[in-house]
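This report concerns only the one structure given below.
The values are calculated or read from the model by the stated rules, or taken from the named source; none is laboratory data. Note that the coordinates shown come from a computational prediction; the quantities given were computed from them, not determined experimentally. Reconstructed Cβ throughout: ideal geometry from the backbone, glycine too, with neighbour counts over all protein chains shown. Accessible surface areas use protein heavy atoms only, side chains included; no ligands, DNA or RNA. Shrake-Rupley method; radii C 1.70, N 1.55, O 1.52, S 1.80 Å.
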Amino acid sequence: MTRTRTQQGSDRAHRRRLHTGALIAMVLVAGSAPAVSLADPSRVAGTHPSQFSVHWAPCSEAPSAQCGSLKVPLDWSAPKGKHITVAVARRPADDRDRRVGTLFFNPGGPGDGAVRYVVGAEHIFSTTLLARFDIVGMDPRGMVGSTPITCSKPVLTAELTLFPRTREEFRQLRRHNRVVAQSCLQATGPLIEHVDTVSVARDHEAARAAMGVEQVSWLGISYGSQLAANYAELFPRRTRAMVLDSALEHSLPENQQVADEMMAAETSFNRFAAWCDTAPTCALRGQDVAAVYDRLVAGADQHPIPVDGALRPVTGEDIRMRTIQLLTWKEPGLAGPDVSWAGLSRGLALALDGDASWFAWPPAEYVQDELAARLAIGCMEYVPQVNNWAEMQQRIQMGRQLAPHLQGAAEVWQVNRCIGWPIPAANPPRLLHVRGVATLIVHSVYDPSDPYKWAHGLAAQIHGSAMLTRTGDGHTSYHVSDCARAATDQYLIRPQAPADRICEG
């Protein structure tokens, strides 16, 4: 379907998220059918019938897949207390005679639901994985599809800045964050305190028990690597093997995480600018892209660029924070042609001509429930180390020094939305101790979202893990590298530690 530039800009604004993860847009509508337990104790020697069951039906968008819901404890420390529902989907292996087992998949986020990826599995997974595994995905607690988080106050407002320039702007940010959190707690109740990674990992264990399988394998992408690693720490005997693509290192203090990530994003921007010198698809080819970018950002900070229908005129901050999202993938992929380096160059070229719609916030009437849920999940995982205006000034100065063009813009900078959050983090950063689980970590050297060094940090927490390095650009590898995809498939089918492996590009 052909869209005008204005429509495209509006669509892009509507797709803004707190973290990347939406690779395809599919609507899940499960049919109605009687509740059927997936537990089959006869399939697992020595086990007892599971207390968990799934309400099962063919997925209307993909009848070959099975969609349903699973009831789990709201608080896993009180399993007999109130329960919530999580959505699940399973696609049976195509080659039943050569089926390896069950593969849990999480696409990242945090908070991105996996159900739609399983429903659209033919567009997401290799024919090898489709043939050899039952692929299972879950929409995590708190997200639409499962029992959701709801908030009465918007996360995004016209006056909000994540880079406050005055003491009063910092106070406004902290006050706004507290009001949003209180509105979420009032509207959602205690669930908001239990949307952390450990709780989601336990939900997956309930799904495994409901399916009656003895062990599961994992393909965790970005935040999915954190989820899979937590599951393996909790349930090593239930974890057959894992491939972790673009490792998230959750043991670091927040200030170190944001420093690592702002430098990785800046490196990616510099590589983008150099790519533009010769790339035929760069709309700024032949120009000094870094200098042009700096002038555009400085100009938008002085005189924000109006965009029809947007929440506010586009500022330099908006351009910088949107840039890190458009740097995510070098080449167009499942996210479409605009989420690419060529797409970023086109957006910048339009902004230079006065059309900044690529970088605009969504309109005021945009429903922000998903943004609020993702924020709540993030604030259960990270503890901001900015507590006052002086520390915020230090943080902004660190961004300017480590990343002169992006000035600190990074995914982890979103943790500033948790400053003043009155609900304590349920799963703050900590070291993992995973043993006895075959694990392959796949990571690109120039990942703008998860720095390459994080892969080695996570590897040190998973005893005996193997590493595959992709020498190219972009976040994640499974969907962009034939070499990495083949290695992932091979490892999941027959886990064995490879030699120090390199995928070029």
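Values computed for the structure shown
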quantity	calculated
Solvent-accessible heavy-atom area per residue, rounded to whole Å², over the range 73-180 at 1.4 Å	39 Å²
Nonlocal amide H pairs with CYS503, under 5 Å, H built at 1.01 Å	THR469, ARG470, THR471
Whole-Hz ³J(HN,Hα) from phi, Karplus 6.51 cos²θ - 1.76 cosθ + 1.60, for the range 147-157, glycine and proline x	4, x, 7, 10, 9, 8, 10, x, 6, 9, 9
Net charge over other residues, Cβ less than 12 angstrom from the Cβ of ALA93 (K, R count +1; D, E count -1)	+2
Simple Cβ-charge dipole of the range 72-160, Lys/Arg +1 and Asp/Glu -1, about Cα centre, in debye nearest 20	280 debye
Value of relative contact order over the range 215-348, rounded to a whole percent, pairs C-alpha under 8 Å and six or more apart	15 percent
Relative contact order, percent, the chain [alpha-carbon distance under 8 Å, six or more residues apart]	17 percent
DSSP loop GluC sites (Glu not before Pro) with at most 13 other Cβ within 10 Å excluded, longest remaining stretch of the chain	160-364
Selected from HIS194, ASN255, ALA291, residue furthest toward positive end of dipole (the range 170-294; charges at beta carbon)	HIS194
Cleavage-rule hits (trypsin sites (Lys or Arg not before Pro)) in the range 70-155: DSSP loop, at most 13 neighbouring Cβ within 10 angstrom	LYS80, LYS82
Under 25 Å from the Cα of LYS80 - lysines, other chains or at least 8 residues apart	LYS71
Surface accessible to a 1.4 Å probe, per residue, for the residues of the range 234-376, Å²	37 Å²
Mean Cα-pair separation over length for the range 83-220, i.e. relative contact order, pairs under 8 Å, 6 or more apart, %	30 percent
Prolate/oblate/rounded call for the range 298-442, Cα gyration tensor, a/c under 1.5 rounded	prolate
Estimated vicinal HN-Hα couplings, Hz - the range 317-323 in sequence order (Karplus 6.51, -1.76, 1.60; Gly, Pro = x)	4, 4, 5, 5, 6, 6, 4
Whole-angstrom gap from the range 196-260 to the range 265-284, using each part's C-alpha centre	34 Å
Assigned charges on the beta-carbon of Lys, Arg, Asp, Glu; the chain dipole about Cα centre (debye)	860 debye
Student exercise, the range 328-395 dipole from Lys, Arg, Asp, Glu Cβ charges, in Debye to nearest 20	240 debye
3J(HN,Hα) from dihedral phi, the range 117-126, Karplus parametrisation 6.51/-1.76/1.60, rounded to Hz, x for glycine, proline	6, 6, 4, x, 4, 4, 8, 10, 10, 5
For ALA403, distant residues with modelled amide H under 5 Å away	GLY408
Which of VAL383, ALA158, VAL442, positive extreme of dipole for the chain (C-beta unit charges)	VAL383
Order of exposure, largest accessible area first, which applies to HIS250, HIS303 with probe 1.4 Å	HIS303, HIS250
Calculated log₁₀ intensity ratio I(q)/I(0) where the Debye formula runs over C-alpha points of the chain, q = 0.08 Å⁻¹	-0.48
The chain, helix-only ellipticity at 222 nm - DSSP H runs n ≥ 4, -39,500 (n - 2.57), divided by all residues, nearest 500	-11000 deg cm²/dmol
Long-range HN-HN contacts of THR239 with modeled amide H, under 5 Å	VAL216
Extension reserve of the GLU169-ARG295 stretch, reckoned as 0.36 nm per residue once the Cα distance is removed	42.9 nm
